[in-house]
Each structure stands twice: as structure tokens, then as C-alpha cells.
Amino acid sequence: MTYDFTTDSSQFYGGSSACVQIDESRWAIPAGDATKNGIIETTDKEIWSNEAGKQGYSPSDFNLDGQVDNCDLNDIWLKNLGLGGWIPE
Ligand SMILES: [Ca+2]
Ligand SMILES: [Ca+2]
């Protein structure tokens, strides 16, 4: 079975609060959930604070560039703060 999450925000459990629109016709799960509980919240920032400055892929490397830095916090986490509701892993 396949399920295409990219076609509309209604495809997501939680609707538009559980996804971000990445272009005119596609949606995705928002980054920033370091705790992997399905919600982007302040505890995710605490994980980032503990990992800031580290190299390599880690839960708070939100943009997946191999570094935990201010871009992860300001460009990803802050933008997506409060989103979530999808079913976590
Ligand atoms: Ca979280
Ligand atoms: Ca990063």
C-alpha cells in the first residue's frame, strides 16, 4: 500500500497544523522535532541547546547539513514551533 502525503494538507493526521507547505502543490512533515514525540515544542530547543556546536547528524540537526548550529534553531525550529500532531515513530 502506498500513501502520498505530498498532495494536500488533509492527507496528514492533524491536517494543516501537522504539515508545512513546501511549494504550490506539495506538503511535508515539518522539521524541528528533536524529541520525536510528534510536536515541535520548547523541549526540542532544549535538545538543540545540548547539541549546539556538534558535527554530524543528530536529532537537532534540523536542516540535515551535518552541523548543529543557529540555522537549525532560527530557520527551522522557530519557524515550525507549535506545529505537529502527526503520528510519531
Ligand atoms: Ca518534540
Ligand atoms: Ca544543521
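Results, tabulated for the structure shown:
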item: Residues satisfying the stated conditions in region 67-83, i.e. part of a loop (DSSP other than H, G, I, E, B) and over 20 Å from residue 17 (Cβ atoms); result: 68, 69
item: Looking only at region 38-53, and only at residues there that are more than 16 Å from ligand 2 (Cβ to nearest atom) and among the polar types (S, T, N, Q), the one that is farthest from residue 78 (Cα to Cα); result: 43
item: Selection count where residues are within 13 Å of residue 85 (Cα to Cα) and of a type in the set (A, V, I, L, M), scope region 1-27; result: 2
item: Some residue of region 17-30 being away from ligand 2 (no atom under 15 Å from the Cβ), part of a helix (DSSP H, G or I) and either without any contact (Cβ under 8 Å) to a residue 12 or more places away in the chain or of a type in the set (Val, Ile, Thr) (or both); result: no
item: Condition met for residue 2 (away from ligand 1 (no atom under 16 Å from the Cβ), part of a loop (DSSP other than H, G, I, E, B), free of Cβ contacts under 8 Å to residues at least 24 places away in the same chain and touching a Lys or Arg at 6+ places or on another chain (Cβ under 9 Å)); result: no
item: Members of region 54-89 found to be within 19 Å of residue 27 (Cβ to Cβ), more than 9 Å from ligand 2 (Cβ to nearest atom), of a type in the set (A, V, I, L, M) and out of contact with any strand residue (DSSP E or B) (no Cβ under 8 Å at 6 or more places or on another chain), listed by number; result: 81, 87
item: Those residues of region 36-57 which are loosely packed, with under 12 Cβ neighbours inside 10 Å, at pLDDT below 95 and under 24 Å from residue 15 (Cβ atoms), in sequence order; result: 36
item: Sole residue being surrounded by 12 or more Cβ atoms within 10 Å (Cβ to Cβ), out of contact with any Leu (no Cβ under 7 Å at 6 or more places or on another chain) and modelled with pLDDT under 90, chosen from 25, 60, 10, 16; result: 16
item: Criterion (hydrophobic (A, V, I, L, M, F, W, C), touching a residue at least 40 places away in the same chain (Cβ under 8 Å) and within 12 Å of ligand 1 (Cβ to nearest atom)) met by exactly one of 47, 39, 76; result: 39
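The values are calculated or read from the model by the stated rules, or taken from the named source; none is laboratory data. Fair warning: this is a prediction, and the values are worked out from it, not measured in the lab. Virtual Cβ from ideal backbone geometry, glycine too; neighbours counted across all protein chains shown.
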